[in-house]
Amino acid sequence: MKNLLLLEWRKVKYPVLIVAALCTALSIYLCSTVYQNYALEEQLEAWEVGMRIFSLIFPLIAVLPTGWMMYYERKTGFINYTLPRASKKDYLTAKWIVMSGSAFLMIFIPFFVGVLVVLFINNPIDVFYSRVNPDTGLGEPYVATNHIFGSLFTEQPLIYGFLMSVWKGLLAVLIASMGFVFSLHFSNLFIILTGPFVYTILENFILSVLPFEGYRLLTAFDPSSVLTTSLSPFSFIVGPALALITILGISFYMQYVKKSSIYSL
């Protein structure tokens, strides 16, 4: 398995490293500039407003650099030549590990680097209290009591930023897994590379209209995208669970209903 993982990593390492580097550079730029146009109360809020664009495009980041690999191996028949050297289970498992692990790194690294930039490189923000105490007429803190995990966000921002970066990376693994399943069963490269992104757009639209915006995958990825009153523990469960059900449903349908064959033998 170790040799298989190294072999698969060599196939995708350059696209993955290039995308990770570009996303990291973009996160540094955004976290250093965008917050200047906002009235903020806590230093880490500069990270939230700076990285917001990544919440929309993370499905593309998670899939584009690696999703093409299985497509071309199936199209050219190369995958059939792996049978004498590795079992189907080991080969496909190695591919999934590399694809999902790459997705984790391409999301975790830019986000956590953004946290470090905001906390240790940027100048301290000009604190602005947006809520006014009606008794004193003075501004008072608002974030600690109206932000998800507010006490951790305000008192231990580095830990909060690290944990949220890990969580975002895990959601990227979920989306990469969807792209991997698409690459196993579909022969259209466009569908493989953009399918997970289209899924998140449709899921976001449908749940927003119903309205269940607090249960979207986007909300799980970026809790600051909705009001705290719309959040609950299920906000971190429902969106990922729906994505997982979709992945399992597609896999089951293609294998047992459509009788789709991964290998062309």
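Observations
- Inter-part distance, segment 214-265 to segment 57-107, computed on C-alpha centroids, equals 20 Å.
- Taking the longest Cα principal axis of the chain as reference, the axis of helix 157-185 is set at about 30 degrees.
- Pairs of lysines in the chain whose Cα atoms sit within less than 18 Å of one another amount to 13, provided the residues are eight or more positions apart or on different chains.
- Spatial separation of Cα centroids for segment 158-211 and segment 1-40, in angstrom: 17
- Given +1 at the Cβ of Lys and Arg, -1 at the Cβ of Asp and Glu and no other charges, the dipole of the chain around its Cα centre is 1840 debye to the nearest 20.
- Identified option (computed percent of Cα pairs over 34 Å apart; candidates (i) 26; (ii) 14; (iii) 20): (i)
- Neighbours of L17, meaning other residues whose beta-carbon lies under 15 angstrom from its beta-carbon, give a summed charge of +2 when Lys and Arg score +1 and Asp and Glu score -1.
- Along the chain, the exposed loop sites are trypsin sites (Lys or Arg not before Pro) outside DSSP states H, G, I, E and B with at most 16 other Cβ atoms within 10 Å, and the longest stretch free of them is 86-257.
- For the chain, the solvent-accessible area works out to 52 Å² per residue, with a probe of 1.4 Å and every protein chain left in place.
- The residues packed around M69, meaning those with a beta-carbon under 12 Å from its beta-carbon, carry a net charge of +4 if Lys and Arg are +1 and Asp and Glu are -1.
- Estimated FRET transfer efficiency when R0 is 22 angstrom, pair T229-L152 (beta carbons, to 0.05): 0.70
- The C-alpha atoms of the chain define a longest principal axis, and helix 2-33 lies at about 20 degrees to it.
- Efficiency of FRET between Y253 and I191 - r from beta-carbon atoms, R0 22 angstrom, step 0.05: 0.90
- Angle of helix 189-209 to the longest C-alpha principal axis of the chain, folded into 0 to 90 degrees and rounded to 10: 40°.
- The alpha carbon gyration tensor of segment 179-265 gives principal lengths a ≥ b ≥ c with a/c of 1.5 or higher and a/b greater than b/c, which makes the shape prolate.
- Spin-label model distance (nm) - V127 vs V166, 7 Å beyond Cα toward Cβ: 2.9
- Separation in nanometres of the label points that stand 7 Å from Cα toward Cβ, at N80 and T145: 6.9
- With each label modelled as a point 7 angstrom along the Cα→C-beta vector, the S261-I53 pair spans 4.6 nm.
- Accessible surface ranking for T76, T82, 1.4 angstrom probe, highest first: T76, T82.
- Computed from the C-beta positions of A39 and L17, the FRET efficiency with R₀ = 35 Å rounds to 0.40.
- Heavy atoms of I237 accessible to a 1.4 Å probe, total area in Å² rounded to 10: 90
- Accessible-area composition of the chain, carbon plus sulfur, in percent [1.4 Å probe]: 69
The values are calculated or read from the model by the stated rules, or taken from the named source; none is laboratory data. Since this is a predicted model, take the numbers as computed values, not measurements. Counting neighbours? That spans all protein chains shown, and the Cβs are built from the backbone with ideal geometry, glycine included. In case anyone asks, the SASA skips ligands and DNA or RNA and just uses the protein heavy atoms, side chains included. Shrake-Rupley method; radii C 1.70, N 1.55, O 1.52, S 1.80 Å.
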